[in-house]
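The values are calculated or read from the model by the stated rules, or taken from the named source; none is laboratory data. Remember, it's a predicted structure, so these values are computed and weren't measured experimentally. Please note: Cβ atoms are built from the backbone with ideal geometry, for glycine as well, and neighbour counts cover all protein chains shown.
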Amino acid sequence: MNRKLLVADDDKTFHKIITRVFAGTDWDVATAEDGLSALESIALQTPDVILLDLNMPRLGGRELLARLRKDARLATIPVIIISGDNSPQEQAAEFGLGADDFISKPFNPVELAARIESASRRTRRMLAANPLTCLPGGPAIEEEAARRIKTGGPLAFFYVDIDNFKAFNDNYGYLNGDNAIKQAAALLTDIQNAFPAEDVFVGHIGGDDFVLMAAPAKCEEIARTIATKFDALAPKLYNREDRERGYIVSKDRMNNVRQFPLMTLTIAVATNEKRALDHYAKIVDIASEIKKYLKGLKDRVGSMYLKDRRLD
C-alpha cells in the first residue's frame, strides 16, 4: 500500500515538481493550495508526511500546523516546512511551533526525498515502539528485517529470550519485572555502541523477547558479550538469599511449586552466510527452532547462544 504525501503550497508549479520527484515510488502525492483545502484532504485520508508552505491564502501554514498539533488524532503526522527564508531564527521559530524538519528553497530533490523518508520512518518507529523500553516494536522490527533482506547484504538475526523471567516477575512483582526488562533493553542498546561497525539494530518484540540485527562477521562475539554481561547483571536483581542459593521457589504454568534458577538468556542466531534468508517469517522460524533446542538442554548453566550453521 502506497504512502501519502500531502503538499500544502499555493504554488502549482511546485506541486508539479514534487509530483515528478516521487513518480514511480511508493508515495502518492496529494496537493492543496491553502490551509483549508489541506484540512479537507487530511480529513479524507491522513497523510504519512505533510510538506508545508508557510504563506498560503485562507489558512496559512503556521495556523494549519498549530491546528494539527492540537488535534490528538493528527498530532503525530510529521510536518516538514519548506520556505524561502532559511535563517536560523526562522527555522527555530518553526521548530518551536512543532515542525519536524525544515527545508529551504531552492532545494535538492534527492535531499528532499531523503528527508521525507526519514520523517516517515522515524514516526512509524515511534508509534510502533514498545511503551516500556521505547525500543522499536513488532512492525518496526519486521520493516527493518525487510529492508535488510532487500539490500541483500550480510545479515545476522538474533532472537534473545530471558529465561525464568515469569518466575522472577511472579515472586518480585511487576515493578521489579519491568525493571529487569528495562535493564536488559539497556544492555542490548549498549551493544550498538560497543560494535559500531556492525550496524546493530535492537528491537523489543514484547515481554521478555528481544531482537537484534547486525552484520554477521562478529555475531558470535556479540552474542557472547550479551551473555556475559547479562550473567553479571541478573544476580543483582535478586535479594541476597535468592542470589546466594541460586534459585527461587515459585509456581510454574501448571501451578506446580518448583525451583527456578536465576534469569539467564537464550540467544538464537540465524545468518545468511550459508543459507538464504529471503523472508522475515523464515528468519523467525529458524531462530525459534534454535531457541527451542537451547531451552530444551538439560543442566544448563548461565546464558547460552547458538549460531545456525546449516545449509539450505
| Which condition breaks for residue 76 when tested against (1) modelled with pLDDT under 90; (2) out of contact with any helix residue (DSSP H, G or I) (no Cβ under 7 Å at 6 or more places or on another chain); (3) not in a helix (DSSP H, G or I)? | (2)
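Condition check ((1) modelled with pLDDT of 85 or more; (2) of a type in the set (Lys, Arg); (3) assigned by TED's automatic domain parsing to the domain that holds residue 19; (4) under 30 Å from the mean Cα position of the chain (by Cα)) across all residues:
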site	(1), (2), (3), (4)
41	yes, no, yes, yes
58	yes, yes, yes, no
68	yes, no, yes, yes
80	yes, no, yes, yes
84	no, no, yes, no
90	no, no, yes, no
93	no, no, yes, yes
100	yes, no, yes, yes
| message | Would you confirm whether or not segment 292-303 contains a residue that is touching a Pro at 6+ places or on another chain (Cβ under 9 Å) and not β-branched (Val, Ile, Thr)? | response | yes
| field | Unique match (being at pLDDT below 95 and either closer than 27 Å to residue 143 by Cβ or over 23 Å from the mean Cα position of the chain (by Cα) (or both)) among 258, 224 | value | 258
| request: Could you check, for segment 286-305, whether at least one of its residues is assigned to a loop (DSSP other than H, G, I, E, B), buried (at least 19 other Cβ atoms within 10 Å of the Cβ) and modelled with pLDDT under 95? | output: no
| List the pairs whose first member sits in segment 58-86 and is without any contact (Cβ under 8 Å) to a residue 24 or more places away in the chain, whose second member is assigned to a strand (DSSP E or B), and whose Cβ atoms are under 8 Å apart, counting only residues at least 6 apart or on separate chains? | 84/104; 85/104; 86/102; 86/104
| Test set (1) assigned to a strand (DSSP E or B); (2) touching a Phe, Trp or Tyr at 6+ places or on another chain (Cβ under 6 Å); (3) closer than 30 Å to residue 151 by Cα - residue 259 fails condition number | (3)
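If you go through segment 139-159 one residue at a time, do you hit one that is within 30 Å of residue 255 (Cβ to Cβ) and outside any helix (DSSP H, G or I)?
Yes, segment 139-159 contains a residue that is within 30 Å of residue 255 (Cβ to Cβ) and outside any helix (DSSP H, G or I).
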| Residue that is farthest from residue 201 (Cα to Cα) [pool: residues in segment 119-138 that are of a type in the set (Gly, Ala, Ser) and in a loop (DSSP other than H, G, I, E, B)] | 129
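Inspect all residues belonging to segment 11-26 and state whether any of them is in a strand (DSSP E or B) and touching a helix residue (DSSP H, G or I) at 6+ places or on another chain (Cβ under 7 Å).
no
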| field | Hey, residue 233 buried (at least 18 other Cβ atoms within 10 Å of the Cβ) and modelled with pLDDT of 95 or more or not | value | no
| field | Candidate set from segment 112-133 (those that are in contact (Cβ under 8 Å) with a residue 24 or more places away in the chain and over 28 Å from residue 52 (Cα atoms)); member that is surrounded by the most Cβ atoms within 10 Å (Cβ to Cβ) | value | 133
